[in-house]
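Just so it is clear, none of the values below were taken in a lab; they were calculated from the coordinates. As the structure is a prediction and not an experimental result, all values here were calculated from the model. Quick reminder, even Gly has a Cβ in these numbers, built from the backbone with ideal geometry, and neighbours come from all protein chains shown.
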Amino acid sequence: MEPAIWTTPEPDTLNIDEAAGLCKALAHPARIRILRHLLRVDRCICGHIVEIMPLAQSTVSQHLKILKESGLIRGEVEGPKTCYCVDKTKLALMKKFIMLLLNPEKNHEQNT
């Protein structure tokens, strides 16, 4: 039997479809670099992200869009610019999924 965290889409759990979506969002080195940068600086204007990436602005924007759609980052409009930050709640769910993946027996015992 699969642990409930993998099948029940409750607010404090991660279902397997959501986990797959988060993994897909991180399936590109540029998106991992962007996420790591945002974790280091806490918040960042899109233009600053473009400056640190060896990619065109339109490419960076596409990567930011994918991360935002996955829920891993949030973007707030500040005048003519957008400021991005990591959604740490979503990242914690990703961590929970990875822990479950690495140690299914231990986590199954905690969920029963």
For the range 10-100, size of Cβ-based charge dipole, Lys and Arg +1, Asp and Glu -1, in debye: 300 debye
For the range 10-100, whose charge dipole is built from +1 on Lys and Arg Cβ atoms and -1 on Asp and Glu Cβ atoms, the candidate among ALA20, GLY71, LEU38 with its Cα farthest towards the positive end is LEU38
